Amino acid sequence: MFSSDAWHPPPRPLAHDWNLTGEGRGAWAPQLGDCDPIAHKCRLPYPNNFYLEPASASWSHTGFKLRLRESMMPADQRGDKFVPAPWATLDGFSPMPQIITYLGDVSLEGVVGHRDIEQSLSPGAKVVLLDADTGEVVPSWAEIDQSNAANEPLQERGFLIWAAGALKHERRYIVAIRDVLSASTRRPLPPTAGFRALRDKLPSEDSDIELRREHFERDVFGPLARAGIRRENLQQAWDFTVASQHSLTGRARHMRDDALSRIPASGIDYTIVSVHDNPAENIAREIVGRMRIPNYLDEPKPGASLVIDPDTDLPVFQQFVDVKFTMRIPTILAEEQRAGAILQYGHGLFGSQGQIGGSWLARIANTYGYVLLAVDWQGMASPDVPAVTRMLATDIGQFNILPDRLSQGITNAVLSMRMAMTSLSNDEVVKYGGVSVLKTNKLYYYGNSQGGILGNNYMALSPWVHRGCLDVPGAPYSMMLLRSVDFDPYYAILTSRYPKSIDVTWLLTLMGQAWDRAEPAGYVNSLSGEIPTLMPPGATAPAKRMLYHYSLGDAQVSWLSAQANNRAVGGRVFRGHMPEYNETVFGDLIPGTSTNEYSVAVGYDYGVPPAPEENIPPPKEYDTHSYTRKDPVVNQQMADFFATGFIHDVCGSDSSGCRRPIPTSVQPLPQLSATYDRHGGGRAVGRLVVDEGDY
């Protein structure tokens, strides 16, 4: 056993009873140690089939489960390690992983970054992500972790690799690194003794090497050789297996289906708590109520966990609980006594359904005749901040409280639309002149920031909503966090416990795996059309389509994660919208100026300074995070999509990018400081973010 900062792990003596299992799949009986000797630091590289073991349980669709133990976890400042219980029943790794390894004094010279992803497919690419089943190279890019660059030397930072989109469920992938240079000597970095023993067929006294020698020959070096990658140039290579669709989405899907089976045929029961007429400009009525729906948490409050059946790994119904909802009826529908589409709104980071009260959203609702509906994203709403903060500060082994309660929150959101389209739709409180304002066959979703992010989950799980506008979204969270100013206070909590950035970055990768059960990374493949959807048994529905809006310079949700999100669902872009970027990694560009076939991402340029290239956030004072939602041209694009199914190019495909003036409702930007350093070098520490102030 060795610490996370050890350079030369001692070999583990050869065992006499070792044997290889998992033929052709790259996993073994649990005889391996805590640390893979092919890298200089423990827990790396990761994800890695070194940390898988066979599983016979029915919930494992890959035949494996994660092999994680308390002894493998990084020790905090007090020397404490956490028990990784939330990861015990995952049958593989994330489809959108932050791949992390350690190369020491590494240079990015010749390494493909996010500005030219297509070059990762070239024969001489220094970092290769290979589909082991098909032999195809997967578009990817790499970077050095700069999250704590002001306080750490280069040789202590992690080397991060990202797939351009989502990897396929139950598929094995190989990572290969070759000919990468040292930053100080400009010569190729040497491999570790452990990896050299595997690569060069040298004898080793380390059982962690010998146990896997046959596997590496057949399942790592073999596929790489067939792909034209010579082993003598390799500095590191390893494989990992992506979790099954069931492992990541099965719990939420079961909760939805079980909940629907328990709801009365007449619809969800509810109670109206308050009705306010003319509460704001453009709004005729605000209705607050409580709906009675199934609960699967051990307690219906922050910090709760799902009650899980150990045999099926699925949530168990506990009781019916009352959940608050808010509905807003626009003035135009009340005055004209007609029905309008129901628009479910998803609120922002650690906010609440109260964000449905934004004046800009009221203008959209009244302009296009939308009835607004919202619930809290339980698990990532304002009441959850203390529990999540406490978990990060004391015991990451309790991380499941976030995805568990968030799974309940997403279920609540899906069920609230069911209530609106059935039992609530004929209530006198939603009628004017005897006419219900709820058009129950016109159902759409709109979310901003966290609402855009979790909109992926909502769209994948909703049986009734087939068009959604996801504004300033992204996936996965592990890509967003270090590039977000909103994460700064939480980063400060983590670094106070784990001072080494490589430990924090690894923890974000680990947390992302458990988070996949309630964040987009686990659901994007289900929206791509390439695998079965998550619709209830017997349900038939048109393909889900999303319109993704993002803006360059966003300091809260990186545009890089929005692009990854769009690629992951098989989305497209209009030609010329990304002149600073290689567009072909999006697949075929959309011909012409409109489409009714694909999900589409549109990125807007409001003329602010470019975001840093590294994984640090842009300065808050130039943040464009709220611009698209307040831009009337962007609003019209969304409304046209909802009404017709067509997504129009509102910018013109002239290769100049999608440039827009700053919306008039946004305060003018300050003058650019001459000292602004777009490459950064450190992170600010601010207050805990519990709400996006301007909604």
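The values are calculated or read from the model by the stated rules, or taken from the named source; none is laboratory data. What you see is a predicted model, and the numbers here were worked out from it, not measured in a lab. Please note: Cβ atoms are built from the backbone with ideal geometry, for glycine as well, and neighbour counts cover all protein chains shown.
Is it the case that some residue within the stretch 347-358 is aromatic (Phe, Trp, Tyr), on the phi > 0 side of the Ramachandran plot and touching a residue at least 60 places away in the same chain (Cβ under 8 Å)?
Yes, the stretch 347-358 contains at least one residue that is aromatic (Phe, Trp, Tyr), on the phi > 0 side of the Ramachandran plot and touching a residue at least 60 places away in the same chain (Cβ under 8 Å).
The rows are residues; the columns are (1) closer than 20 Å to ALA521 by Cβ; (2) modelled with pLDDT of 95 or more; (3) in a loop (DSSP other than H, G, I, E, B).
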{"site": "GLY110", "(1), (2), (3)": "no, yes, yes"}
{"site": "ARG115", "(1), (2), (3)": "no, no, yes"}
{"site": "GLU118", "(1), (2), (3)": "no, no, no"}
{"site": "GLY124", "(1), (2), (3)": "no, yes, yes"}
{"site": "GLY135", "(1), (2), (3)": "no, yes, yes"}
{"site": "ALA149", "(1), (2), (3)": "no, no, yes"}
{"site": "GLN155", "(1), (2), (3)": "no, no, no"}
{"site": "ILE161", "(1), (2), (3)": "yes, yes, no"}
{"site": "LEU167", "(1), (2), (3)": "yes, yes, yes"}
_Selection status of SER407, assigned to a helix (DSSP H, G or I), outside the structural domain of ALA166 (by TED's automatic domain parsing) and under 16 Å from the mean Cα position of the chain (by Cα)_ = yes
*Pick from the stretch 431-471 the residues that are charged (D, E, K, R) and closer than 26 Å to PRO532 by Cα: which of them is surrounded by the most Cβ atoms within 10 Å (Cβ to Cβ)?*
ASP471
_Where a residue in the stretch 561-573 is assigned by TED's automatic domain parsing to the domain that holds GLY603 and under 18 Å from SER449 (Cβ atoms) and its partner, wherever it lies, is of a type in the set (Phe, Trp, Tyr) and crowded, with 24+ Cβ neighbours inside 10 Å, with Cβ under 7 Å and at least six apart_ = ALA562/TYR548; ALA562/TYR550; ASN565/TYR548; ASN566/TYR548
_Checklist (1) in a strand (DSSP E or B); (2) surrounded by 15 or more Cβ atoms within 10 Å (Cβ to Cβ); (3) in contact (Cβ under 8 Å) with a residue 40 or more places away in the chain applied to THR271, failing item_ = (2)
*Taking MET479 and the conditions (1) over 30 Å from ASP313 (Cα atoms); (2) out of contact with any Pro (no Cβ under 9 Å at 6 or more places or on another chain), which numbered condition does it fall short on, given that it satisfies the others?*
(1)
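Does LEU44 meet the test of being among the hydrophobic types (A, V, I, L, M, F, W, C), assigned to a loop (DSSP other than H, G, I, E, B), in contact with a Ser or Thr (Cβ under 6 Å, 6 or more places away or on another chain) and within 14 Å of VAL242 (Cβ to Cβ)?
no
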*Just one of ALA142, ALA57, ALA39 is surrounded by fewer than 21 Cβ atoms within 10 Å (Cβ to Cβ) and either aliphatic (A, V, I, L, M) or in contact with a Cys (Cβ under 6 Å, 6 or more places away or on another chain) (or both); which is it?*
ALA57
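Yes or no: PRO315 surrounded by fewer than 22 Cβ atoms within 10 Å (Cβ to Cβ) and either in contact with a Ser or Thr (Cβ under 6 Å, 6 or more places away or on another chain) or over 17 Å from ASN366 (Cβ atoms) (or both)? Let's see the steps before the verdict.
Details: surrounded by fewer than 22 Cβ atoms within 10 Å (Cβ to Cβ): no; either in contact with a Ser or Thr (Cβ under 6 Å, 6 or more places away or on another chain) or over 17 Å from ASN366 (Cβ atoms) (or both): yes.
When the stated conditions are applied, PRO315 does not pass them.
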*Any residue at all in the stretch 223-238 that is more than 30 Å from THR495 (Cβ to Cβ), part of a loop (DSSP other than H, G, I, E, B) and of a type in the set (D, E, K, R)?*
yes
*asked:* Which residue is surrounded by the most Cβ atoms within 10 Å (Cβ to Cβ), if the candidates are limited to the stretch 237-268 and must be under 15 Å from SER416 (Cβ atoms) and not hydrophobic (A, V, I, L, M, F, W, C)?
replied: ARG256
_Counted residues, the stretch 179-203 - those being out of contact with any Lys or Arg (no Cβ under 6 Å at 6 or more places or on another chain) and surrounded by 18 or more Cβ atoms within 10 Å (Cβ to Cβ)_ = 8
*Name every residue in the stretch 448-501 that is among the charged types (D, E, K, R), closer than 30 Å to GLY79 by Cβ and not in a helix (DSSP H, G or I), in order of residue number.*
LYS500
_Residue in the stretch 31-77 that is farthest from ASP516 (Cα to Cα), counting only those that are of a type in the set (Lys, Arg) and touching a residue at least 60 places away in the same chain (Cβ under 8 Å)_ = LYS41
_If a residue counts only when it is more than 24 Å from the chain's Cα centre (by Cα) and not β-branched (Val, Ile, Thr), which helices (runs of 4 or more DSSP H) contained entirely in the stretch 292-400 have at least 2 such residues?_
331-336, 359-368
*Which of the residues spanning the stretch 523-538 are in contact (Cβ under 8 Å) with a residue 40 or more places away in the chain and not in a helix (DSSP H, G or I)?*
TYR523, SER528, GLY529, GLU530, ILE531, PRO532, THR533, LEU534, MET535, PRO536, PRO537
*asked:* Show the residue pairs meeting these rules: Cβ distance below 7 Å; 6+ apart or different chains; first residue within the stretch 492-510 and in contact (Cβ under 8 Å) with a residue 12 or more places away in the chain; second residue among the basic types (Lys, Arg).
replied: SER501/ARG157; ILE502/LYS41; ILE502/ARG157; TRP506/ARG43
*Scan the stretch 75-88 for residues that are buried (at least 18 other Cβ atoms within 10 Å of the Cβ) and part of a loop (DSSP other than H, G, I, E, B) and jot them down.*
ASP76, PHE82, PRO84
*List every residue pair whose Cβ atoms lie under 8 Å apart, where the two residues are 6 or more positions apart in sequence or sit on different chains, the first residue falls within the stretch 276-294 and is assigned by TED's automatic domain parsing to the domain that holds LEU260, and the second residue, located anywhere, is aromatic (Phe, Trp, Tyr) and not in a strand (DSSP E or B).*
PRO294/PHE317
*Can you tell me which residue within the stretch 178-207, out of those that are assigned to a helix (DSSP H, G or I) and at pLDDT 95 or above, is nearest to LEU32 (Cα to Cα)?*
GLY194
*Meets criteria (closer than 22 Å to MET380 by Cα, within 13 Å of the chain's Cα centre (by Cα) and hydrophobic (A, V, I, L, M, F, W, C)) for ALA475*: yes
*With the condition kept exactly as written, say whether any residue in the stretch 246-265 is modelled with pLDDT under 95, out of contact with any Lys or Arg (no Cβ under 8 Å at 6 or more places or on another chain) and not in a strand (DSSP E or B).*
yes
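I'd like the residue in the stretch 587-609 that is part of a loop (DSSP other than H, G, I, E, B) and among the acidic types (Asp, Glu) and, out of all such residues, is surrounded by the most Cβ atoms within 10 Å (Cβ to Cβ).
The selected residue is GLU597.
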*Do you know which of the residues in the stretch 281-291 that are part of a strand (DSSP E or B) and within 35 Å of the chain's Cα centre (by Cα) is nearest to MET419 (Cα to Cα)?*
MET291
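To keep it simple, each residue is scored yes or no on (1) outside any loop (DSSP other than H, G, I, E, B); (2) closer than 19 Å to LEU560 by Cα; (3) modelled with pLDDT under 90; (4) not assigned by TED's automatic domain parsing to the domain that holds ASN151.
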{"residue": "VAL585", "(1), (2), (3), (4)": "yes, yes, yes, yes"}
{"residue": "PRO617", "(1), (2), (3), (4)": "no, yes, no, yes"}
{"residue": "HIS625", "(1), (2), (3), (4)": "no, yes, no, yes"}
{"residue": "VAL634", "(1), (2), (3), (4)": "yes, no, no, yes"}
{"residue": "ALA639", "(1), (2), (3), (4)": "yes, no, no, yes"}
{"residue": "SER665", "(1), (2), (3), (4)": "no, no, yes, yes"}
